[in-house]
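Novice: First, the structure itself, so that you have it in front of you.
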Amino acid sequence: MNEETKRLGIVTSGSLAKGVEVRLDSSASVEDMAVGRYVTIEGQKQRFFGMITDVSLGVIDQKLTLTPPDVSDPFMAEVLAGTSTYGTIHVSPYLTIGGDVASLIEGPQPVKTVPSHFSTVNLASQRDVELVFGGEDEKRFYIGTPLDMETKVCLDLEELVKRSNGIFGKSGTGKTFLTRLLLIGILQKGTAANLVFDMHSEYGWEGRSEERRKVKALKQLFPSKVAVFTLDEESSRRRRVSTDFVVRIGYDEIEPEDIGLLRQTLNLTEASVQAVYQLYREFGNKRWIEATLELEDRDETKQLLTRLNIHDSTYRNLRRGLETIRRLPFLLPHVPDNPVRHILEYLDQGINVVLEFGRYTDITAYILVANLLTRRIHAQYRERMEKALGEDTAPPHPLVITIEEAHKFLNPEVSSQTIFGNIAREMRKYNVTLLVIDQRPSGIDDEVMSQMGTKITCLLDNERDIDSVLAGVSGKSELKSVLSRLESKQQALIFGHSVPMPVVIRTREYGSAQSYKEFIPSPETEIKQQAEKDIEELWE
Amino acid sequence: MAEVQRVGEVIEASTTDFVAQCYELYQSPPLGSLVKTRDSGMELYGIVYNATTTSFEPGRRPIARGKDETTEEAVYQASPQLLKLLKSEFGAVVVGHRQDDKLHHYLPPKPARIHSFVYLCSTEEIKEFSQSFDFLNILLNTHLPVSPDELIAACLRQMSQVYEDRRAFLVAAGKELAILLSGQFNQLKAILERIKT
């Protein structure tokens, strides 16, 4: 035993489903325990790694609770502590870390049993935590530290981008900071290209912290790897952001599915959405919006509507909705430049694209643009993937699409229709995955939630939100108590595919000059890498 | 030598306890002190649970003699034969033994021999013996004329005197008692009240 292991107590009862009860030694005070801390349990054949999920008090004789002893006498209090009165902690074992060769190679394994009676429980040492969460390397990105520890918790980003992921939390709990960190990680490790639909223009050039302090965002840290697209040139110029491309969308790009998705925000009826398909068929795919809006209040229009079996009130409802869309300044009747082509060009070069919405933070614009672009990009990726499969060539570089206010896209009513619902479900088949950011996870379709690989959640206090985030996770009730006790800042619970077990982290620092330096690979290592590459090429 | 002080001689013995007579009147060791007696190759440890002073002849009770004396001392001075007619005895409950240089906290295979000498244990011996609190269980479960609460408290108070950190010793002993008396909180409380410093 090295010096840093601190004995806490012994296992007294438990089950695999519910976790084990640990009776604390008299030397370990209940008040020093904290939910979310790590412990190791020394079983007879294997070591278990688990997390404290509850702390409780016990008495050996019920009489003590009825006639409490005089604890003002320190001698009495000291004798009784840990013997007649004791603390218990509830530990959920998650992994086994063995000492034999096989387990060293395979790393920590999920638990399939519980430790035997009276196994010793120790506070996990730095080394144990490191063994479980790994060190920083080419694939792993350091995202934060466990509570009360200096060890790094690292996310396996290669695994992360293989599935859709979610970042949740109440407003002001640090979702944006976490997202920025994660995007930087993906960018730094180059595991995937990012496409960010940046509703509040805070990921591209710079954002602001809660204290209104400016913090650098992607483009400032990695100028050569990030392109900022904007929908609102003026706003970008005012904020002195150098943009790479101004996105304009033509009416001809809008398809009936896009309108269907906007049903709620535009307050359209179901009949109006059906009418869109009819009009689309009638006028052809290029001009249907223009043609519909050009219809005048004449007899021919009435005849047309009767022929198409569209009720007059439905038509008016639809027309009002389309007028709203038409008022969006970035929508033009015809656009010479195809934004999708541009985005793909950048993504193909491995350059990450951040699309700023500027002043158009209105949800209609966001849903319309995000859905429209994503659908086409996804179609392109699908085509390429199929081609790659057919011709046995390299598949396209993975793409991660970041969307905010995700419950608007992925709520149960629309998730089956939108492309985002599809991406979340079919996951990695086409190398496109989502990074979903939301503050009301209960609004997201259960099916989509269940498909998410890794969930990172900051403090949530709404019961329904907590339930939906934790749906389908083993040890839900234990995690629930951990989740609702997170601090409102800089703390997050990560669980899912890319971490071996649920972990509460204190998020890595972001915003100081030193923190920026850590993200950017130092020129020396880059030069060194280049030199190594040159030498390799020389010998080829 | 003060360390191995001889305090008496065994006059009655059984597996669980022995009675020793003191060489001097009123010189019995204090209640709860650790004493030992030797047998061939074996040492028996006992804890003093009782002390009596009676006359030698069972049917003959002492009578009050001090009516005309001014001090108690004068009574004995006036009748020096008294010292020869009275005897002090003490009983010790056997709590462990040492055999082949190994200390055991359980009953020895054989009781003490009559006329074995009884010694008061030295500081080192007390320290060594009290490394384990297993003897507390014997004290709790033996039927004695004196209440086990009193005896345990007295014993722990005696033993704690050889430790520099008396309190730490008593807390450790208290914790052991708390486990042994897990269902009898009132008894535990009574003992703790008697040993608290």
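Novice: Looking at the structure I just gave you, is A:Leu24 more than 14 Å from chain B (Cβ to nearest Cβ) and of a type outside the set (Asp, Glu)?
Specialist: Answer is no for this residue.
Novice: Being surrounded by 18 or more Cβ atoms within 10 Å (Cβ to Cβ) and either within 16 Å of A:Pro110 (Cα to Cα) or in contact (Cβ under 8 Å) with a residue 60 or more places away in the chain (or both) is the filter here, so list the residues in region A:47-60 that pass it.
Specialist: Listed by number, the residues that qualify are A:Arg47, A:Phe48, A:Phe49, A:Gly50, A:Met51, A:Thr53.
Novice: For residues that are open to solvent by 40 Å² or more (accessible area, probe 1.4 Å) and of a type in the set (A, V, I, L, M, F, W, C), tally how many sit in region A:321-345.
Specialist: So the count comes out to 1.
Novice: Still on this structure, please answer the following. Which one of these does B:Phe129 not meet: (1) among the hydrophobic types (A, V, I, L, M, F, W, C); (2) within 14 Å of chain A (Cβ to nearest Cβ); (3) within 13 Å of B:Ile47 (Cβ to Cβ)?
Specialist: Every condition holds for B:Phe129 apart from (2).
Novice: Let me ask another. Go through region B:117-129 and report how many residues are touching a residue at least 40 places away in the same chain (Cβ under 8 Å) and either crowded, with 19+ Cβ neighbours inside 10 Å or farther than 18 Å from B:Ala51 by Cα (or both).
Specialist: Qualifying residue count, region B:117-129: 9.
Novice: Continuing with the same structure: Which of the following residues is in the same structural domain as A:Gly358 (by TED's automatic domain parsing) and open to solvent by 50 Å² or more (accessible area, probe 1.4 Å): A:Lys216, A:Lys302?
Specialist: Within the list A:Lys216, A:Lys302, the selection yields A:Lys216.
Novice: Could you figure out which of (1) within 20 Å of B:Asn50 (Cβ to Cβ); (2) away from chain A (no Cβ under 14 Å); (3) among the hydrophobic types (A, V, I, L, M, F, W, C) isn't true of B:Leu103?
Specialist: (1)
Novice: Output the residue which, of all residues in region A:399-419 that are modelled with pLDDT under 80 and touching a Phe, Trp or Tyr at 6+ places or on another chain (Cβ under 6 Å), is farthest from A:Asp258 (Cα to Cα).
Specialist: Residue satisfying both the conditions and the ranking: A:Phe409.
Novice: Here is a follow-up. Let me confirm something: among A:Gly204, A:Gly166, which residue is at pLDDT 80 or above and buried (at least 21 other Cβ atoms within 10 Å of the Cβ)?
Specialist: A:Gly166
Novice: Quick check on A:Thr191: is it part of a loop (DSSP other than H, G, I, E, B) and open to solvent by less than 10 Å² (accessible area, probe 1.4 Å)?
Specialist: no
Novice: If you don't mind, another one. Say we look at region A:286-299 and pick out the residues that are hydrophobic (A, V, I, L, M, F, W, C) and closer than 18 Å to A:Gly260 by Cα; which of these is surrounded by the fewest Cβ atoms within 10 Å (Cβ to Cβ)?
Specialist: A:Leu293
Novice: Now for a different question. Can we say B:Arg157 is under 18 Å from the mean Cα position of the chain (by Cα), within 14 Å of chain A (Cβ to nearest Cβ), within 22 Å of B:Phe90 (Cα to Cα) and not acidic (Asp, Glu)?
Specialist: It is true that B:Arg157 is under 18 Å from the mean Cα position of the chain (by Cα), within 14 Å of chain A (Cβ to nearest Cβ), within 22 Å of B:Phe90 (Cα to Cα) and not acidic (Asp, Glu).
Novice: With respect to A:Phe283, determine if the residue is without any contact (Cβ under 8 Å) to a residue 12 or more places away in the chain and surrounded by 15 or more Cβ atoms within 10 Å (Cβ to Cβ).
Specialist: Yes; evaluated as a whole, the condition is true for this residue.
Novice: Let me ask something additional. I'd like the full set of residues that are farther than 12 Å from A:Leu322 by Cα and of a type in the set (S, T, N, Q), limited to region A:266-294.
Specialist: Hits for region A:266-294 are A:Thr269, A:Gln274, A:Gln278, A:Asn285.
Novice: Sticking with this structure for a sec: Here is a list of conditions, (1) crowded, with 21+ Cβ neighbours inside 10 Å; (2) at pLDDT below 90; (3) not acidic (Asp, Glu), and B:His143 meets all of them except one; can you say which number that is?
Specialist: Evaluating B:His143 over (1) crowded, with 21+ Cβ neighbours inside 10 Å; (2) at pLDDT below 90; (3) not acidic (Asp, Glu) leaves (1) as the failure.
Novice: Hey, among the residues in region A:38-92 that are of a type in the set (Gly, Ala, Ser) and either touching a helix residue (DSSP H, G or I) at 6+ places or on another chain (Cβ under 6 Å) or in a strand (DSSP E or B) (or both), which one's farthest from the other protein chains (Cβ to nearest Cβ)?
Specialist: Among them, the one singled out is A:Ser92.
Novice: Looking for whichever is more than 26 Å from B:Gln158 (Cβ to Cβ) and open to solvent by less than 20 Å² (accessible area, probe 1.4 Å) here; the options are B:Ala64, B:Ala74. Which one fits?
Specialist: Going through B:Ala64, B:Ala74 in turn, just one is more than 26 Å from B:Gln158 (Cβ to Cβ) and open to solvent by less than 20 Å² (accessible area, probe 1.4 Å): B:Ala74.
Novice: Can you give me the ranges of the strands (runs of 3 or more DSSP E) entirely in region A:117-179 with at least 3 residues that are in contact (Cβ under 8 Å) with a residue 40 or more places away in the chain and under 29 Å from A:Gln46 (Cβ atoms)?
Specialist: A:120-123, A:140-146, A:153-156
Novice: Quick check: anything in region B:165-183 under 26 Å from A:Leu80 (Cβ atoms) and touching a strand residue (DSSP E or B) at 6+ places or on another chain (Cβ under 8 Å)?
Specialist: Checked against the condition, which is being under 26 Å from A:Leu80 (Cβ atoms) and touching a strand residue (DSSP E or B) at 6+ places or on another chain (Cβ under 8 Å), region B:165-183 yields no hits at all.
Novice: Inside region A:394-510, counting only strands (runs of 3 or more DSSP E) that do not spill past its ends, which hold 3 or more residues that are of a type in the set (Phe, Trp, Tyr), open to solvent by less than 40 Å² (accessible area, probe 1.4 Å) and not assigned by TED's automatic domain parsing to the domain that holds A:Gly14?
Specialist: none
Novice: Still on this structure, I have one more. Picking from A:Lys152, A:Lys175, A:Lys189, which residue would you name as being within 15 Å of the chain's Cα centre (by Cα), of a type outside the set (Val, Ile, Thr) and modelled with pLDDT under 85?
Specialist: Among A:Lys152, A:Lys175, A:Lys189, only A:Lys175 is within 15 Å of the chain's Cα centre (by Cα), of a type outside the set (Val, Ile, Thr) and modelled with pLDDT under 85.
Novice: Of all residues in region A:61-89, which are in contact with a strand residue (DSSP E or B) (Cβ under 8 Å, 6 or more places away or on another chain), hydroxyl-bearing (Ser, Thr, Tyr) and touching a residue at least 24 places away in the same chain (Cβ under 8 Å)?
Specialist: A:Ser84, A:Thr85, A:Tyr86, A:Thr88
Novice: When region B:77-103 is examined, which residues are found to be within 30 Å of B:Gln131 (Cα to Cα) and surrounded by 14 or more Cβ atoms within 10 Å (Cβ to Cβ)?
Specialist: Matches in region B:77-103: B:Glu89, B:Phe90, B:Gly91, B:Ala92, B:Val93, B:Val94, B:Val95, B:Gly96, B:His97, B:Arg98, B:Gln99, B:Leu103.
Novice: For a quick check of your reading of the model, give me the residue pairs whose first member lies in region B:164-193 and is facing chain A (nearest Cβ under 7 Å), whose second is assigned to a helix (DSSP H, G or I) and open to solvent by 60 Å² or more (accessible area, probe 1.4 Å), with beta-carbon atoms closer than 7 Å and at least 6 apart or on different chains.
Specialist: Filtered contacts from region B:164-193: B:Val171/A:Glu78; B:Phe185/A:Lys63.
The values are calculated or read from the model by the stated rules, or taken from the named source; none is laboratory data. None of these values were measured; they are calculated from a predicted model. Cβ: placed from backbone, ideal geometry, glycine included. Neighbour counts: every protein chain shown. Just so you know, the surface numbers come from the protein's heavy atoms only, side chains and all, with ligands and any DNA or RNA stripped out. Shrake-Rupley method; radii C 1.70, N 1.55, O 1.52, S 1.80 Å.
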